[in-house]
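Step one of this worksheet: look at the structure below.
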Amino acid sequence: MLRVVYSFALGCCFATACWAGVIEGRVLEVDPEARSFRVALLETSDSGLEAGAEQLFRVGPGDAGIDYAGRKIRAGAQYYGEQWHLEGIFPLDGAGAKAMADVNRRFHKETATLSRRSFVRQGDYIPEFAMIDQRGRFVQIRELRGRAFVLNFIFTRCQLPEMCPASTARMVELQGKAAEAGLENLQFVTITFDPEFDSPGILRQYAEGYGIDPGNFHLLTNSDPQVPEDLLRRFGILTIEEDGTINHTMATFLVDKNGRVAYRKEGSQWSALDFLDRASKLK
């Protein structure tokens, strides 16, 4: 399928005319300095590459920083500039992969039984789900149990300064203020609702562009678009694709150490100091 891929502030841009196809393969070697992966091709689709062969690919700066060596991946393959490139790289195996699939299968089944008017409000417990973070790791949200966290939804290609960029800037501000205040256990979770573009490598590059400290900040995506769709429904975030972008509502959540929403704030114009004060009072 031909995709239109937009450039964004970090300078990531791929020419749509060079789109070739999709590959699945085993990463044999990662060279971060050369920004390249050597891949044993397992399956190819509309790429002109042959399954069973080995191929050297250039990768983006975010992907080059993830240790995918030995892991199976799915990615888009493109040929331009006299070399092959991979984009939209997602891991398909590794520690926690099966557990993620099992958790999200139950999550989808549960979500399908609920009314669209039924979404997470202040005082409710959040559902169990699993995602892939900016390090390429499979993670379950329950791994944060015992620690409070702030959660929001964005997509990296958002161009409206008052929406996703503003929300991310406030998350970064809050992360800094929490560190200054000694709230060492407070975590930060950002979930993309554009998984078609926001691969782990893109999220890693996005985080670096905003100066995010990765120690307690988890940017999450999923190769299965059904999972973000279910999450938007469960958390009451509305989206619509229009004029080449995604129009959406926003909400930010403070979740206590037991997984209960202690505070829900609609919109992107929230105060880092307000969330810091509320987080500091959590038991």
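No value in this document is a laboratory result; all are computed from the given coordinates. Here the structure is a predicted model, which means the values were calculated and not measured. Because the Cβ atoms are built from the backbone with ideal geometry, glycine has one as well, and the counts that use them run over all protein chains shown.
Values as computed for the structure displayed
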{"item": "Alpha carbon Rg of segment 183-229, scaled by the compact-globule rule 2.2 N^0.38 Å", "result": "1.20"}
{"item": "Peptides 262-274, 44-56, 199-211, 182-194 ordered by average Cβ neighbours within 10 Å, highest first", "result": "199-211, 182-194, 262-274, 44-56"}
{"item": "Over segment 90-204, relative contact order from alpha-carbon pairs under 8 Å, at least 6 apart, %", "result": "29"}
{"item": "Restricting segment 35-138 to trypsin sites (Lys or Arg not before Pro) in coil, as DSSP defines it, with at most 13 other Cβ within 10 Å", "result": "ARG116, ARG117, ARG121"}
{"item": "Model label zone, LYS109; criterion: amide N under 18 Å from point 7 Å along Cα-to-beta-carbon; scope segment 127-142", "result": "127-130"}
{"item": "Overall form of segment 74-188 per C-alpha gyration tensor (a/c, 1.5; a/b vs b/c)", "result": "oblate"}
{"item": "Cα centroid of segment 105-166 to Cα centroid of segment 226-283, whole Å", "result": "8"}
{"item": "Isotropic mean projected area of the C-alpha convex hull, segment 17-158 (nm²)", "result": "11.5"}
{"item": "Antiparallel bridges, percent of DSSP beta bridges restricted to segment 47-168 (to nearest 5)", "result": "90"}
{"item": "Cα gyration tensor, the chain - rounded (a/c under 1.5), prolate or oblate", "result": "prolate"}
{"item": "For SER118, net neighbour charge (Lys/Arg +1, Asp/Glu -1) across residues whose Cβ lies under 13 Å away", "result": "+2"}
{"item": "Pairs from LYS72/LYS257; LYS98/LYS281; LYS98/LYS177; LYS177/LYS257 whose Cα-Cα separation, in the structure shown, is over 28 Å", "result": "LYS72/LYS257; LYS98/LYS281; LYS98/LYS177"}
{"item": "Cα point-scatterer Debye curve for segment 75-132, base-10 log of I(q)/I(0) at q = 0.24, 0.29 Å⁻¹", "result": "-0.99, -1.15"}
{"item": "Charge sum, other residues only, whose C-beta stays under 9 Å from ALA272's C-beta, Lys/Arg counted +1 and Asp/Glu -1", "result": "0"}
{"item": "The chain: relative contact order as a whole-number percent, Cα under 8 Å and 6+ apart", "result": "18"}
{"item": "Rg ratio (alpha-carbon, reference 2.2 N^0.38 Å) - segment 122-181", "result": "1.32"}
{"item": "Helix-only mean residue ellipticity at 222 nm for the chain, each DSSP H run of n ≥ 4 adding -39500 (n - 2.57), per residue, nearest 500", "result": "-7000 deg cm²/dmol"}
{"item": "Within the chain, percent of DSSP bridges classed antiparallel, to nearest 5", "result": "80"}
{"item": "Largest to smallest principal axis extent of the C-alpha atoms in segment 135-267, angstrom", "result": "44, 29, 28"}
{"item": "Among GLY52, LEU282, GLY236 - extreme Cα towards positive end, dipole of the chain, charges at beta-carbon", "result": "LEU282"}
{"item": "Segment 185-261: mean projected area of Cα convex hull, nm²", "result": "6.0"}
{"item": "Share, in percent, of DSSP beta bridges within segment 142-272 that are antiparallel, nearest 5", "result": "55"}
